[in-house]
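The values are calculated or read from the model by the stated rules, or taken from the named source; none is laboratory data. Worth saying up front: this structure is predicted, and the values here are computed from it rather than measured. Heads up, the Cβs are rebuilt from the backbone with ideal geometry, glycines too, and the neighbour counts pull from every protein chain shown.
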Amino acid sequence: MVNWSATAFVFPGQGAQQVGMGKDLWEAFPAARQTFEQADDTLGFALSRLCFEGPEDELNDTFNTQPALYTCGIAALRALQAELPEAIPGFAAGHSLGEFTALAAAGALAFEDGLRLVRERGRLMQEAGVKSPGAMAALLGLDAERARDICEQAGRQTGGVLVVANDNCPGQLVISGDETTLETGMALAKDAGAKKVVKLAVSIASHSPLMESASAAFNEAVEKTAFQTPELPVYGNVGAAPLTTVEAIRDELKRQLTHPVRWTESVQAMIAAGAERFIELGPKDVLAGMMKRINRAAPGLALTGVEALRAFVQEQT
């Protein structure tokens, strides 16, 4: 049986989306169906149909991806808690966009308010990508300090911008910046002995200074959004520490657009605070996979759909 007070719920960010996500939850659980219907009504278009049927290019548009993943995460959470009302975790966190899902899961943000906010976040990030085009690449097999050195070296060579955007787990980092500096950084990473360097299929430099043009409007949206004190600790990407007040939440979300996702440190901080098990609520097992590299003693389980969710519920009853 799960010790819920020692369990963390974690929610993925962009990259976890896939056509068909959430459809089996919709069909199997009234709580999930209600969540998707609520999202459709709030946004004024059939987000559910986009999740279930695509087309893929529209689902992959950040303007749509962000509300889609947010809705799927909350639908999975509500389905789980309808089956297991005792499934109230001791911790929550989300990777990038997933941080908004985690805040909603912790009662710090009403579902509809969070949905509107992530929709606006997607729109503003898309606009920033047009104003300041950028790109991102995954580096495998380098440590964070070496990756930061490479970013600084590339920036000196080109005069451009390159930063470590995501510290996902030991040996898996993502760098983000303008196209020229990124290409330079990728070459330097290969020379430094990276096992793999993969350019990501994105046209925006998330979690970098190139998102600065979106900041003012997004900060205004954050200020207008109603937040409450979370019912459980939500560990933020920027500070890798619990957000325990509304002021801390607002400050975190304002900084998150242009600052790195410190996922490794966030998970380590939750473990240090007593988290022993991590349950991912999303379409894929992205974060659960990272757990094996962060701390093998703290297992990660991904509830990616009806089959996994029902099997987990059965184990607990």
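Some points to look at:
Conditions (1) over 19 Å from Phe9 (Cα atoms); (2) surrounded by fewer than 15 Cβ atoms within 10 Å (Cβ to Cβ); (3) under 19 Å from the mean Cα position of the chain (by Cα), marked per residue:
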site	(1), (2), (3)
Met211	yes, no, yes
Ser215	yes, no, yes
Glu220	yes, yes, no
Glu223	yes, yes, no
Ala226	yes, yes, no
Tyr235	no, no, yes
Gln256	yes, no, yes
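- When region 221-262 is limited to residues that are aliphatic (A, V, I, L, M) and in a loop (DSSP other than H, G, I, E, B), the one that is farthest from Gly122 (Cα to Cα) turns out to be Leu232.
- Hits in region 276-317 (condition: in a helix (DSSP H, G or I) and of a type in the set (Phe, Trp, Tyr)): Phe312
- Which listed residue, of Ala82, Ala110, Ala92, Ala31, is buried (at least 21 other Cβ atoms within 10 Å of the Cβ), assigned by TED's automatic domain parsing to the domain that holds Val306 and modelled with pLDDT of 95 or more: Ala92
- Only listed residue being closer than 24 Å to Glu145 by Cα and either among the small types (Gly, Ala, Ser) or not assigned by TED's automatic domain parsing to the domain that holds Asn166 (or both), chosen from Ala214, Ala241, Ala201, Ala221: Ala241
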